[in-house]
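What follows is a short report on a single structure.
Quick note: the coordinates plus some simple rules give every number you see, no bench work behind them. Everything numeric in this text was worked out from a predicted model, so none of it was measured. When we count neighbours, we look across all protein chains shown, and the Cβ atoms used for this are built from the backbone with ideal geometry, even at glycine.
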Amino acid sequence: MKKTRIVSLLMMVMLLMSVTTGCLYPEGNSSQSVSYRESVNRIQMAVDDFQKENGVLPIINANQDTPRYEKFRVDLVKLKAMGFMDEIPNTAFEQGGSGYFLIQNEETDPTIKVMDLVTVQKVNDVQQAVDKYKLQHANQLPNAQELYPNIYSIDLAKAGVPSIKLSSVYSGEDMVFLMDNNGQVYVDYAYDIMQVIDKSDHKPKDDEDLRVILLNSSYYVPVKSLTYKWINGAPAAVQS
């Protein structure tokens, strides 16, 4: 009898754990995305309150050369010091996490988004490898295939970093590293953009920067990206 009761109790505990897990992690969401959702909501409220009280946004200043999806970083330390937040979220770089929190649409509708620092670091690692290759090969580039006009995939083996891989924060798929004629490194978001378009009623316009579609459909900014236009029925990276 005792053994039967123990087995029954264990089965009940496992059932409760599975139900609880289902509540915490809805279908299609990873634990990371759930954590970011909570962090984004907390920071959004703090930023809104700060702006109402002070008339400005709590932004860490960036210079004019800072790329679009790397600027307007939230000053989380200031928000905490001034009492707008009890604690800085563990997902933030300031607390050892892997994200910077940025403000987008800063002039019209300030909205909190996440810059994934894993993406940034891996692009920087490939950039260092490309720069080293250029230095050692009379400014030649370790290009593989021309994927878009004057934009190439990178031969990572030739560059000496065949093991570097990067998963998309949007789809989880492996990403392709891109390079322009100057050897500047980016990642290719065409697949992710197309996925969002396929699942929506959005009709891309010729002059539209399609990166905004990713921005509006997720918590993340498309960091280390080129501009994307709708060309011949598909998103294509272009140099702006």
Here the gain from full extension of E173 to I231, 0.36 nm per residue of separation minus their alpha-carbon distance, amounts to 18.6 nm
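Please state the charge dipole magnitude for the range 32-116, taken about the Cα centre, from unit charges on C-beta atoms (+1 on K and R, -1 on D and E), reported in debye and rounded to the nearest 20.
Approximately 100 debye in magnitude.
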With a cut-off of 8 Å between alpha carbons and a minimum separation of six or more residues, what is the relative contact order of the range 32-116 in percent? 26 percent
Starting with the highest mean, order 215-226, 192-203, 91-102 by the number of other Cβ atoms within 10 Å, averaged over the residues of each peptide. 215-226, 91-102, 192-203
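Once you have a ≥ b ≥ c as the square roots of the Cα gyration tensor eigenvalues for the range 38-139, tell me rounded if a/c is under 1.5, and otherwise prolate or oblate according to whether a/b is larger than b/c.
Taking the square roots of the gyration eigenvalues as a ≥ b ≥ c, the range 38-139 is prolate.
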By Kyte-Doolittle mean hydropathy of at least -1.0 and Cα axial length of at least 27 Å, which whole DSSP H helices of the chain are selected? 2-24, 117-136
Can you check what the Kirkwood hydrodynamic radius comes to for the chain, Cα pairs only, in Å to one decimal? 20.4 Å
Please list, or write none, the lysines whose alpha carbon is within less than 27 Å of the alpha carbon of K113, excluding same-chain residues fewer than 8 places away. K52, K71, K78, K80, K122, K165, K199, K203, K205, K224, K229
Given contacts defined as C-alpha pairs under 8 Å and at least six residues apart, what's the relative contact order of the chain, whole-number percent? 13 percent
Residues listed by number, the range 41-77, amide nitrogen under 19 Å from E87 label point at 7 Å toward C-beta: 41-47, 76-77
